[in-house]
1. Explain nothing, just compute: Karplus ³J(HN,Hα) = 6.51 cos²θ - 1.76 cosθ + 1.60, θ = phi - 60°, for every residue of region 180-191 in order, whole Hz, x for Gly and Pro.
2. To make sure I understand, if each residue's beta carbon is the centre and we count other beta carbons within 10 Å, what order do Glu163, Glu96, Glu142, Glu154 fall in, fewest to most?
3. Long-range amide H contacts for Tyr109: which residues qualify at under 5 Å (H placed 1.01 Å from N, peptide plane, sequence gap of 5 or more or a different chain)?
4. How many times 2.2 N^0.38 Å is the alpha carbon radius of gyration of region 41-193?
5. Quick one: 3J(HN,Hα) in Hz for region 159-167, Karplus 6.51/-1.76/1.60 with θ = phi - 60°, rounded, Gly and Pro as x.
6. If you take every residue apart from Ser85 with its C-beta less than 14 Å away from the C-beta of Ser85, what net charge results, scoring Lys and Arg +1 and Asp and Glu -1?
7. Using amide H atoms built in the peptide plane, which far-off residues or other-chain residues are under 5 Å from Phe103 H to H?
8. Quick one: which residues, 5 or more positions from Ile120 or on another chain, have an amide H under 5 Å from its amide H? H modelled 1.01 Å from N in the peptide plane, none for Pro or chain starts.
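Every number in this text was worked out from the coordinates using simple rules, so none of it is lab data. This one's a predicted model, so the numbers in the text were calculated from it and none came from an experiment. Glycine gets a Cβ as well: all are built from the backbone with ideal geometry, and neighbour counts include every protein chain shown.
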Amino acid sequence: MRFWRIWDALREITASLSRGLARIAHPSASPRGGVAVERAHGAAQSSLSKPWRPNPEGRRSVEDAVALARAWGIVVEDDVRIVASDRTDKTLDDHEDAAYAGFMSTRTYTWDDMLSNGKIVVKLRSTVLDSDEGIVDVLAHEMHEINALRGMFEARHRIPGAELISLTETDRPRNLHDQAWNVAAGVVRRFRGGIK
């Protein structure tokens, strides 16, 4: 049994380092007795559009960032709350520009499970607000994922956590997370070219 605990710890470290995903594998007190439970959250990292040009006028407010995103066709629904996260906020890993929600493989989720006080909270690294390119890049990515998940929840009402993790984890070609980076890269290309 000790070997498997060490193995799980090594898997945790390897997954975290190689994938850059806040994903933890550990033995749980599940009915199956020690089955690994995966935990993950939607997160934006590994942008295809970096480096971003800084804003000459400096950092934008969150409200200005949302207005900019909407002006470029990014759908930010009223039940989404964007909050700036600084370096002292340890809920974002060093490589993450934004994150939302949290999923465990052993749970099943409804849309309401993703909400806090009626809103889905997206934590945005405050340095993203230093660049309009960064703002449209990261918000296009996060909103693509969130709006796609919204549609899935509307159609199915309940989604297993393991499926949500599979949809939003890094290094999985053609999953929702991967598609979101392609969408975001397209928005940034239009933004850089001034083509709405």
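1. Karplus-based 3J(HN,Hα) across region 180-191 equals 5, 5, 5, 4, 4, 4, x, 5, 5, 4, 4, 4 Hz.
2. On the way: Glu163 15, Glu96 22, Glu142 28, Glu154 9.
Ascending number of Cβ neighbours within 10 Å: Glu154, Glu163, Glu96, Glu142.
3. Under 5 Å from the amide H of Tyr109: Ile159, Gly161.
4. Details: Rg = 14.8 Å, N = 153, 2.2 N^0.38 = 14.9 Å.
That ratio works out to 0.99.
5. Using θ = phi - 60°, the values come out as 9, x, x, 4, 5, 4, 4, 4, 6 Hz.
6. Numbers: positive: Arg59, Arg81, Arg87, Lys90, Lys123, Arg125; negative: Asp86, Asp89, Asp93, Asp94, Glu96, Asp97, Asp130, Glu142.
Around Ser85, the charge tally is -2.
7. Ala40, His41
8. Excluding prolines and chain starts, which carry no amide H, the hits are Val80, Arg81.
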